[in-house]
1. Of all GluC sites (Glu not before Pro) in segment 36-100, which ones are in loop regions per DSSP and have a Cβ with at most 13 other Cβ atoms within 10 Å?
2. Cut-off is 10 Å between beta-carbons; in what order do Tyr158, Tyr384 appear when sorted fewest neighbours first?
3. Which value, in debye to the nearest 20, describes the size of the charge dipole of segment 106-194 about its Cα centre when Lys and Arg Cβ atoms bear +1, Asp and Glu Cβ atoms bear -1, and nothing else is charged?
4. Note the direction-averaged projected area, equal to a quarter of the hull surface, for the Cα convex hull of the chain, in nm².
5. Taking amide H positions as placed 1.01 Å from N in the peptide plane, with prolines and chain starts having none, which residues 5 or more places from Asp10, or on another chain, fall under 5 Å of its amide H?
6. Nearest 5 is fine: what % of DSSP beta bridges in the chain come out antiparallel, could you say?
7. Filter Lys143/Lys167; Lys207/Lys334; Lys11/Lys337; Lys231/Lys268 down to the pairs with a C-alpha to C-alpha distance above 31 Å, please.
8. Tell me whether segment 108-196 comes out rounded, prolate or oblate; compute the Cα gyration tensor, take square roots of the eigenvalues as a ≥ b ≥ c, and use a/c under 1.5 as the rounded threshold.
Amino acid sequence: MNVHTAIVPDKRRKLKDGTYPVKLRLTHNRQRRYYSLSHERRKGVNFNVTADEWERVKGDSPRGRYRDIKLLIPVLLQEVDSIIQKISPFGFDLFEEAFNKPEKAESLYNVFEQYISDLERQGRASTAERYRCSLNSFKKFDKDADFDTVDKDWLDNYEAWFLDQTKDKKGLKKNSLTTVGINTRSLRIVFNIAKNKDITENYPFGKNAYSPPGGHNIKKALGLDEIQKIKEYKAEHKSPEDMARDLWMFSYFSNGMNIKDICSIREKNIIGNLESIEFLREKTQRSHRTSARKIEVIIIPETRAIIEKWCAFTKDPDNYIFPFFDKADTPKMKREKTIQLIGTVNKYLKRIAGKLNLQQNITTYHARHSYASILKESGAPIEYISETLGHTSTQTTESYLKSFSRAHREKWADALRGKSADEGEGDTTR
């Protein structure tokens, strides 16, 4: 089907304020038609632009309204392509009828889809993907579910059904309760949205109703002796193992910075002559715009050496210093690159752990948890740990650090027997 689609300013009609309305343009058999975009499709974004403003929309790093337009364009085109695929043979009149017909009633899965589209428009690709996985799971369980059919029994049955499913083709590894919690919390958000919009009065969550299960806090912290072994591990210069070890150590020494945030460091985040790094966590700067904390990371000799080994500086403040992201990358591309990088790093970290005879396979996440746990067991105030991790409240940090290490438990068990806490043997920071 030879139909070309584009979202462009309609320069046939200049408005009184000097702007052009941005419209959908279809080209088929050398004919062009323009279609206005409804307020609902534009998500309330002002789609009238001047020629100069349109260049800003098409630029590498648009801001404000221009960024909103750029992020919404692929979402709109995906919707248009979906309509076109259902029309055979294609005709402009048939498309116009389908494109302009009233939108479906606000069903459960429709609201779910709308929220995912909003997340994609905001550049929150990772969160959108997580909600998409949850939506697909619910559809697989009950494709006809709606706001009035989901109750506590439905959710209990979903939980039992999901836990009985397997994750691999061999049917060996079953789904976890943690994932049930993720999926049902996503559904709860959709119900909250629907309640706020007066779409439904039904609410199957809360007291005497269904409560999404919480995740199990599996300890992922390493002790100082294990961290020292990783630090001293000898890898071939600039090999994949070398990169994996360096990124893990950089994360550990840099407030437990996650891989996406490391990839996102720009030259403008570097303060002074490699004195410190100031940044906002990618995870929180969109979801907590008013309360997101700027995090300061002191650059120490270990992290300075890693920066000097792997990073390139161009005197462009927007240049990414690590060689993983490009300025032209979309949020989806960054998401894909991050996933690929984490997979590669974890593969080589597993090899390193095996060669060092560590008791557990290490991943990128171990660096963040080890950073927080070492500080906690060294006596650092919870407020300091919370601030450096970028948490918006100490409650999040306290939940994050629920358990002390075995060595600390043994130390205080000795105290119960009348032995001084200082009499214990070994490194108490494990």
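1. Answer by residue number: Glu40.
2. If I rank by nearby Cβ atoms, fewest first, I get Tyr384, Tyr158.
3. The dipole of segment 106-194 has a size of about 660 debye.
4. 28.4 nm²
5. Long-range HN contacts for Asp10: Val22, Lys23.
6. 95 percent
7. Going by Cα-Cα distance, Lys207/Lys334; Lys11/Lys337 fall outside the 31 Å limit.
8. The shape class here is oblate.
Here, each number is a calculation from the coordinates, and none is a lab measurement. The model shown is predicted, which means the values in this text are computed figures rather than measured ones. Ideal geometry is used to build each Cβ from the backbone, glycine not excepted, and the neighbour counts take in all protein chains shown.
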